[in-house]
Every structure is written in structure tokens, then in C-alpha cells.
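Step one of this worksheet: look at the structure below.
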Amino acid sequence: MRPAFFKRPYRKLVPLALAAGLLSTGCGQQYVLLHPVGPVGQQELHLMELAAIAMGIVILVVFTLYFYAIIRFRDKPGNTAPYRPDWHGSKWLEILWWVLPAVLLTVIAIPTVKTTYALDHVPKGKDPIVIDVTSLTWKWLFEYPGQHVAAVNQLVIPTGKPVLFELTADSPMNTFWIPALGGMEYTMPNRVLPLWLQANKPGTYIGLSGQYSGTGFAKMFFHVKAVSPAAFNAWVAKTRKTASPMTMAVYDQLLKHNTTGQALYSSYPKDTFPTVANGFTLTGSGMYMVMRDKNDITYMPMQNP
Amino acid sequence: MRPWFIHLIKLLFPPQVLLPDIVGIDIGLTLSALAIALYLTKARRWGWLWREWLTTVDHKRIGIMYIIAALIMLFRGGVDALMIRSQLIVPEAHFMGAQQYDEVFTTHGTVMIFFMAMPFFFGLFNVAVPLMIGARDVAFPRLNAISFWLFAFGAALFNISFSIGGSPSAGWFSYPPYSELQFNPGVGENYYLLALQVSGIGSIATGINFLVTILKLRAPGMTLMKMPLFVWSALVTSTLILFAFPPLTVALGLTMLDRLFGASFFTLAHEGMPMMYANLFWIFGHPEVYILIMPAFGIFSEVVPTFSRKPLFGYEAMVISLLAITFLSYGVWVHHFFEMGAGPGVNVFFGLSTMLIAIPTGVKMFNWLFTMWGGRIRLSVPMLWQLGFIPTFVVGGASGVMLAAVAADYQYHNSYFVIAHFHNVIVGGTVFGLLSGMYYWWPKMFGWKLNERQGRWAFAFFFTGFWLTFMPQYFLGLEGMTRRMASYPPGLGWGGLNAMSTIGAFIMGVGFAILVYNIAWSRMHPEWDTTGDPWDGRTLEWSLPSPAPAYNFARIPEVHERDAWWAMKQRGETDAVKLSPDQVEPIHVPKNTPMPICLAVSFFVGSIGMVFAWHWMAILGGLGVVAALAYGSLEDDTDRELDPTTVLNTEKRLGRVHP
């Protein structure tokens, strides 16, 4: 006899309930990771989906075997299922489950390698806008070396253009994360790490830290405003005209252990971003970056052999 | 008042330990301690406590003490968990301040891993391994007691930070430079460093002890490939401990030098290298999670055959997969920080090695399923935990593979997706496994069974609560919520799932409360196990009476096949374990000794000295350690002999002598 739950009229409710459950869990706009607005987040999402499908197959297979085994092989009087008290192995079955996971993992592994290498560098032939990010205790400092402006806890970027973030910390480690655009990267003291992202749609996105760094850590949210290139240039010009300059005294204020609101600066001092950092190569972008001094960042074209 | 006195009081009782709830708990704990002391005095049990427990070297009693301590720590870590979830139930809740929240998640992680899970399975190793291999004790009984007391005083050291000086707040991973003096000036972090060092010495010693026990003390005929799978898991866990803990010792030691002696290995200033700590910590930390899961794999490999009435499917593959996981576990640590800029080459290597681990783990899963296949499954409580484990662990393993896809991990990293993943494997794997093992071997430890009906309820609540707590957290991760946030703003859509998660956590809490009630009730209404074999077991420990006599085996059994006891039962040769009066030999047993507890107390005193930088006290503790070790080395009279009549009388009373 089938359980009463699956009898009419309840039977129709099952797919409905399932659909409602899925809708409420998977498709809402609050699932930022599932609605990326840039190429980095989109490629990462593709990889996530592929892995989820492959792993869904594993889960389905195991759950099927599991429920079948429990129901069929219960120790109940009158159970007619075959009882094989000495069955302790089968060469072919075992070969099957060494091979099966290996195949599924290969399916995930190949795109993993491809995407990881692909996202490591700014796509060839594209000229990124560079933003220097410093995590402070507990705030974010964004400096635009090309535009000579700076901002605290707010970020304005042009759409349709790769943005290369150079990340460091004058604080404990944090991670710099804009979920709508793509994955995170650590900000570490005494090191500079690169991360590139891109927004294809104008809008305001949430950024935050993913690495615990003290009592104010949960307040380290910042707003990312993606605007058209023209609007971006207008914003730069306006900031240079209307905002006040950031002096060393202002920077020392920022180093205090507290949370602050947003701020804009028309210029910033030389020595806030690490003056001595390991140079790093952005192999795919055809650029080699040399960082010797704050105002002496040069991008040298790599010689193609 | 003198200034030094005021300074001392401020040092011992900073504002963070003077919160009303903490003071309330302090008072409660002090009263309970007084009540216990009063009871012991009234009932004249101090001598009993000292002779039978505090100085014992019997592996069975040490095992029981480990498990009791682990359950207490499970309670503490669980209360921390409920506090975390209470804080997060709605956006911008003010259940507690950010500082207290940071302390609570730090102690939750540290307590659960180092002072709950590890001692719990050390306890089960102690209880079961010697009995399963037909040994009379572990290889080094005194070292075993030293391990236990170092763990116990390490745990005590960690826990008193709650009342005196302030809890650590840098997370269980304690990444510098946040854990350095510049950002974390209190003594809490020192407590963390010292407590883990002290209990870590105990853990390494346990690793050595069980490695030697299993390699040298097996009963005649029990070749490696005839060992029960739980013994195999103890063997590989011991190996993992031996090679994984030294990097932790180094990482903690260097941090201690930074904090106490002004070094700058990992500091912000003087070009410290925080990433070096991350590497050292996770070279330990990743094998550590396999240290936590392997014993559970072993327990399930005993429980499934017993309750399916079938031998383990694919024994050789089970052993090979254990060894493969052990080997691979040393080559995956970078997956904890793909985002620290090691470059795509390194990241891809570690991502793929992480995926590789899924293969032997998947093999184990299928072998357990096919052990049940064609069997006769009894849904006793140990088996229920096992049946809860399979779906939970499969989901956790699957999300683990998703995390190993490097580029995708850039999005998942440090989000609630990760929290859901590792609770799926650590609670669904380790904790379900430990509780399964506890219910399974409980009659062997105490001679009475835990009530089945209450056990089922405990499982039902814990299991349901678990799924309700952690499934929403995967989706919180996809919503971009990062871990360790003391509060979160409204408007991001995180509220509903967090509320569900909190409700689930409290259902788990009810499950734990039923479990404790289950133990207390069953103690008062004991269902005695008179056969010694309550589950119709397969391995040698079930050939002994429950509880086993101090010397375990009056006569060391001879083993001819796997599942030796099952085979004896099948052939109707169970009388072979009984003794003939003419076979009785004298038995050497180790003598009780106060040295282990004195050693641990010295470590404790010295550590307190280090925590508060009172160097005289640190030196005093160090001298105590040297003195205890010297006493231990110079003492000759460490064994005693049980004469044949005593053995014969004991065995007669247990009905195990041929007429």
C-alpha cells in the first residue's frame, strides 16, 4: 500500500511544494553568487554549476542505494529479501566504484584547471583600470593611481572594463570580496596580491570582508558603484575638484582601530601603499608590473618570443 | 590598596570577564565544585577517587575519563554554539557584544576540535583497541595516563580563561597578525597557545602509544590484514597525529615567542610573514580533520557489519582507502587559502589533490552500503547514528568537492557555504561516529546498556536539528554571508535562513539534553549486560565479560580469521575463551602511579606562569616537570603480579572457568 501522503488530492501538491521550495531557495535576487554581473563571477558560476550537477549525481546514486538497502534489508520477520551472511566482496563492483568517482571528478577537474588559469590574469588586449586597495582596521581605503583620487568604504568603477585591484593591508588580514562581481582575495600586510573583476551592468553592489579581523570586522561593508565610463570620468573630475586632499595626518587617523563612514579625497600621499613590494607578473595581460615606489608603477609590455 | 595588588586584580579580572552572565556561570560552577567536594568528603570518597581514578593506568578507566571529559566539553562547545546562533537569529541582534561573540566562536571551534572530538575518540581507542587486538593493556600504560592528564589540564587551562584573564578571541585558527599583541593585547591568546601546546604533547604521546600497541601487542595469529577496521583506523590516526602535530607545535611556539619575547615571525611590523603561519597551521590543520574523521570511519566499519549481520564488504579496499586518505591528506593544505595568491599552478595542484581524496572516501561509502546490502539490518541506536551519517556525510563530501574547484572557491571561501560543508563532515561524520561508538561500546565500559527508546529520541532530535541548522547555511553562503560576523545588517535577505538555522541549533540542543538524560536514567535503571555480547558482535572485545576485568584476557586468545569472535560463535567454539584451572598463569599488571597527574599539574602551573608572564612561576612549573619526569624514570617498582588464585577466582565469579 502506498503511504496516504501520495494519494490524491495531495499528489498534486508535491510538485507544487517542491517548486515553491526551489523558488524560495535558489532563484531570489538575494542569491548574489547565482546572479553575477561580470565575466569573472559568471565563469565562477559556471564552474559551481558544473560541480553541483556532478555532485548531484553522486548524491542521487548514494541516496537511492541507501534507502533501497534500509527498506529492503531490514531485520523483520517475514522479510524475503536474500540474506547473504558471507558475501564480503565483489571484484567488479569494487572496480566500478573506484572508477565511477574518478570519472566524475575528471569532468570537474578539467574545467577547474581551465577556469583557474583563465581568471588568473586580465584578458589579453584589455587595458585595466588599476585600484590600490588597503584594508585598515576596520575600513577600506581605495586609491586610484591613474586618477590620483582616493576613497574610503566606497568604490566607483567604470562598467565594461576590467578593474585590476592591487590588494594589501595595513592591518590584520582581510579578504576583499564583491560577491556580485566575483570571488575574493586576501589583503595581507607586507604583500601585494592582484585580483581583477569587471562589472558589465551599472548598479550598486555590496562589498565586504571575508576574513575575521576583530570586533569591527562585521562592519566592513562597502558600496561598489558601477557607472558608465563617461560617468566615471565625470566622477573623477568632480572628486578632484570638490573633495579635500588626504594628508598623512588623515591617513594616521584612518589607522586607528575603529569603524568609519564613507569619504572621498582629491589626492593622497605618496607612502600609504607599500613602497617596497614584490613585483608580480600578470602573464596573460601581456604586461609586467614593476612596483618600486608609490608613484613609479610602470607597466612594461612583455616581449613575445 | 597597594598598586601592585590593583594591577593584579585588573590583570586577572579584565572587563570582559565581569559580564553578568559570566559572573553568574562562575558562581554556579564554584557552587557545583563545592557541592562535589562536600559529597566526596561526606561519603569518604577522596581516597577512592585517588586510588581508583586519579592515579590509575588502566586503559579502560582512562578511556572512561576521556569520554566523560569529552561529553562535558561537548556541552561547553554546544552552549557556545547556541550563543552564536542566538546572536544571529535576526539582523543586528544585541544578544551579546562583538567582543564576546568573537570569544564565543573562538572557544566553540577550539573546544570542539581539541577538547571534545580528539579526547572522545582517544577514549574510544582506549576502551576498545586493546580489547579488540587481544592485549592486556596499551604498550605504555603510564604514558597513556600522562597523555590523559596533559589533555585534562590543557582543557582546564583553556576553560579557566573564561573566568580569569579573558577568553581568546582570534579564532580557532588564530591567524596572525590579528593574534599578535598589537591587535590582541589580553592574555586570552596566551591561554590558547599554552593550552594547545600542553594537550598537544599528550596527543603526540597517544599517537606513539597506539602505534606501538597495535604494531607490537596483537594476539597471536592476528596479522595486520586480520585486524578489525577500527584498529586500522586507530593505526592510521596515530600515524597522522605523529606527523601532523609537530608543525602546529612550531606555529604555536613561534607565535608565543612573538607575544611573550618580542620576536616578529608573524607580526605586522618588521616584515613578519603571516602567510608562513597559515602554511604551518594548515599543514597540521588539514591532516587534523582526517585525524578527526578516521576513527569515525573505523567505528562505522564495526557498527555496520554487526548490525547488518554480515562481514564488512571489501575489507582490503577499506584498508587501502584508509592508507590512501592518510597519504593524500598531507598534500591538500593550501586549499584552505587558495586566495592568498600562490598562483594558478600551486592552486590547481592542491585543488586536484583535494578532489583525489574524494575517490577513496567514495569507495568507503559504497562499501558500507554494500555491507548492508543482502544483510539483516537492525535499527539499534549505534546503527541509527550510522544511518544518519551516510546521507549527511555524502552531502558534506559533495560540497567539499565543490569547494575544491579552485576558481569556484574564490566565491565560496570564508562564506557560510564553508561552515555548512565542514559541519556536515565533522558533525555528520565525527560526532555521529563518536556517539555511535559511545552507544556501541557503552555496555563494554560499564556493564549496562543505554536505554534504546531514549537513545532513539536523542538521535531523532539531534539529526533533525542538524539538517535544519546547516542546510540553510549553504544558501546563506550563496547569498554572500561571510563567517564570523558578530552581526549582519538587514536588507540583504539573510534573516530568514539564519532564523531557521537557529531553530535547528536549539533542536540539536534538545537532542543533547535527551542524550544526557539517557545516560543518567540508564545509570539509575541499569539494564545489565550479563552476556558480554549484547549486540551479537563480531570482534574480540565481545568475547569478554562487560566490563572486562583489569587484566582483560586471562588467557590471550588465538586468532585465525577476521571477525574472530563471530567465527567462534559460528563454529560453536565459544567455550574456547574459558579458562581451565590448570591453565592459569600469573599476570603482570602495571601499578597505579601519581606521577602522571603530578607531571600535568606542573605543566599547568608553568603554563599559568607563561600566560601571565610571571617568569618565576613558569620556572617553578618547569622544575616540577623535571622532578616528575626524574621520579618516573628512577622508580623501579612499576609492576605488580596478580597471582593465579586471584585470576582464577575473578574468572570463576564471571563464570568463565571450565568445570
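Annotations
- Segment B:350-400-segment B:314-348 distance, computed between alpha-carbon centres (Å): 18 Å
- Inter-chain neighbour count for A:48-59: the average number of beta-carbon atoms from partner chains within 10 Å of each residue's beta-carbon is 5.
- The separation of segment B:125-150 from segment A:63-95, counted between C-alpha centres, amounts to 36 Å.
- Karplus-derived 3J(HN,Hα) values for segment B:569-574, using 6.51 cos²θ - 1.76 cosθ + 1.60 with θ = phi - 60°, are 5, 4, 8, x, 10, 5 Hz; glycine and proline are entered as x.
- The share of alpha-carbon pairs in segment B:182-266 lying farther apart than 20 Å comes to 49%.
- Above-threshold pairs, the threshold being 22 Å between Cα atoms, out of A:K126/A:K270; A:K126/A:K201; A:K91/B:K364; B:K226/B:K364: A:K126/A:K270
- Put simply, chains B and A cover up around 7700 Å² of each other's accessible surface, both sides summed, when a 1.4 Å probe is used.
- For segment A:129-269, the share of DSSP beta bridges that are antiparallel, to the nearest 5, is 70%.
- Rounded tilt (10° steps) of B:615-634 against the dominant C-alpha axis of chain B: 20 degrees
- Accessible area in the full protein assembly, largest first, 1.4 Å probe, for A:Y83, B:Y192: A:Y83, B:Y192
- DSSP bridge orientation in the protein assembly as shown - percent antiparallel, rounded to nearest 5: 75 percent
- Accessible-area ranking of B:R378, B:R453, B:R45, B:R640, largest first, probe 1.4 Å: B:R453, B:R640, B:R45, B:R378
- Geometric extent, Cα atoms of segment B:68-203 - Rg, Dmax (angstrom): 17.1, 58
- For B:I377, residues with placed amide H under 5 Å, excluding near neighbours: A:R74, A:D75
- Threshold 30 Å², segment A:150-197 residues less accessible with all protein chains present than alone (1.4 Å probe): A:P172, A:M173, A:W177, A:M184, A:E185, A:Y186, A:M188, A:P189, A:N190, A:R191
- Considering only B:G437, B:V605, B:T638, and ranking their Cα positions along the charge dipole of chain B that arises from unit charges at the beta-carbon of Lys, Arg, Asp and Glu, the one farthest toward the positive end is B:G437.
- Solvent-accessible area per residue for segment A:129-269 (1.4 angstrom probe, square angstrom): 31 Å²
- Long-range Cα-Cα pairs in segment A:73-145 (distance over 14 Å), rounded percent: 81 percent
- Calculated diffusion of chain B, Stokes-Einstein form, Kirkwood radius summed over Cα pairs, 4 °C and 1.567 mPa s, µm²/s: 50 µm²/s
- Convex hull (Cα only) mean projected area of segment A:129-269, reported in nm² to one decimal: 7.3 nm²
- According to the calculation over all Cα-Cα pairs in segment B:351-487, the P(r) per 5 Å bin from zero is 2, 9, 16, 19, 17, 15, 10, 7, 4, 1, 0 %.
- Dividing the summed -39500 (n - 2.57) terms of all DSSP H runs of n ≥ 4 by the residue count of chain B sets its mean residue ellipticity at 222 nm at -22000 deg cm²/dmol.
- Interface burial in segment B:356-372, defined as at least 30 Å² less accessible area with all protein chains than with the chain alone at a 1.4 Å probe, covers B:I359, B:V363, B:F366, B:L369, B:F370, B:M372.
- Electrostatic bookkeeping for A:Y212 treats Lys and Arg as +1 and Asp and Glu as -1; over the other residues with beta carbon under 11 Å from its beta carbon, the sum is +1.
- Square roots of five times the Cα gyration tensor eigenvalues for the protein assembly as shown, Å: 52, 35, 25
- Computed with a 1.4 Å probe over protein heavy atoms only, the accessible surface of chain B comes to 35 Å² per residue.
- Here B:I68 sits with roughly 90 square angstrom of accessible surface, probe radius 1.4 Å.
- Accessible surface of the protein assembly as shown, 1.4 Å probe, proportion on carbon and sulfur as whole %: 67 percent
The values are calculated or read from the model by the stated rules, or taken from the named source; none is laboratory data. The structure presented is a predicted model; accordingly, all values stated were derived computationally and were not measured. Counting neighbours? That spans all protein chains shown, and the Cβs are built from the backbone with ideal geometry, glycine included. With ligands, DNA and RNA removed, areas are computed over all heavy atoms of the protein, side chains included. Shrake-Rupley method; radii C 1.70, N 1.55, O 1.52, S 1.80 Å.
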